[in-house]
1. Applying 1/(1 + (r/R0)^6) with R0 = 35 Å to the Cβ-Cβ distance of GLN41 and LYS120, what FRET efficiency is obtained, to the nearest 0.05?
2. Beta carbons within 10 angstrom, averaged per residue: use that to sort the peptides 34-47, 123-136, 175-188, highest first.
3. How much FRET efficiency would the formula 1/(1 + (r/R0)^6) give for THR92 and GLU69, where r is the Cβ-Cβ distance and R0 is 41 Å, rounded to 0.05?
4. Run the 1.4 Å probe and let me know the accessible area of THR92, rounded to the nearest 10 Å².
5. Over 30 Å between C-alpha atoms is what I'm after, so list which of LYS90/LYS120; LYS99/LYS120; LYS20/LYS216; LYS142/LYS190; LYS20/LYS120; LYS36/LYS120 land there.
Amino acid sequence: MPSDTASIYHTNKEDKMLFKAITVGDGDLSFSLALKRAYPQISVTASTLLESRSELCRTYSNANVTSKELLEQWKERVIYGVDATKIEEKITAESEEQKFDIVLFNHPHLGDKALLESEKRHAERHYVLLSHYFYSAKSILKNGGRIHICLCGLQPQTWKIWNAARNAGLQIVAEESTACPVHKWLFKEKPSYELADVQPHYPSKRKYRNGKLGSKHFLARYGYRHRRTGGDLFTGSEFEINVER
């Protein structure tokens, strides 16, 4: 059966400020947009490793639409050139007001085909990626903030996510299927924010919603698509995205 996990880590103190989320490595920005559509009352900052909007749109043909809606309709920020392992180099968060309640990273991947030649090496390199992400994300978290990571299949075990989290001084507090309602993992307590209605133009293509590609996500009804790092430039089979155990 297709299997995705969304594990959440957090520090210890509580904070009651306005809920602020930031995504890293969000491909075509469809996850950031879907999250904002689902909860318009929260702040969602989107970021990508790509260096400019033009590069983003060359890589993902739908990114022109997603970035435009985030910027113009929702008045949210899109930050370019953000390395998920060095977030603090691009994002200033010195005061508590500048920091975030949650940092989110879905399906992290180094995009290095050479690693596919050795499953052991592949797992080791991604363990390092997770470790650096956790340390970097902590630097922009509010007190009581959480770090979210979405992996699939056996990646949590082979990439040793629990070890990476503990070594970064984080506590594992939840693990949920991506198909479950977002509020189960997005908010620490019962949310005061209401889930918005799905508008007719929101849902992504059926193949992104029905598990055909091996993954289902609650936010697909709000437009989230799980896309490859190579975007439209990827020349392999889309069925290689399957994440079955």
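The values are calculated or read from the model by the stated rules, or taken from the named source; none is laboratory data. No experiment lies behind these values; they were computed from the predicted model shown. Please note: Cβ atoms are built from the backbone with ideal geometry, for glycine as well, and neighbour counts cover all protein chains shown. We work out accessible area using only protein heavy atoms, side chains counted, and drop any ligands, DNA or RNA first. Shrake-Rupley method; radii C 1.70, N 1.55, O 1.52, S 1.80 Å.
1. Numbers: r = 45 Å, r/R0 = 1.29.
So the FRET efficiency works out to roughly 0.20.
2. Result, highest mean Cβ count within 10 Å first: 34-47, 123-136, 175-188.
3. On the way: r = 25 Å, r/R0 = 0.62.
The pair THR92/GLU69 has a calculated efficiency of 0.95.
4. Only protein atoms counted, so the area is about 90 Å².
5. Values: LYS90/LYS120 32 Å; LYS99/LYS120 36 Å; LYS20/LYS216 25 Å; LYS142/LYS190 19 Å; LYS20/LYS120 37 Å; LYS36/LYS120 37 Å.
Listed pairs above 30 Å: LYS90/LYS120; LYS99/LYS120; LYS20/LYS120; LYS36/LYS120.
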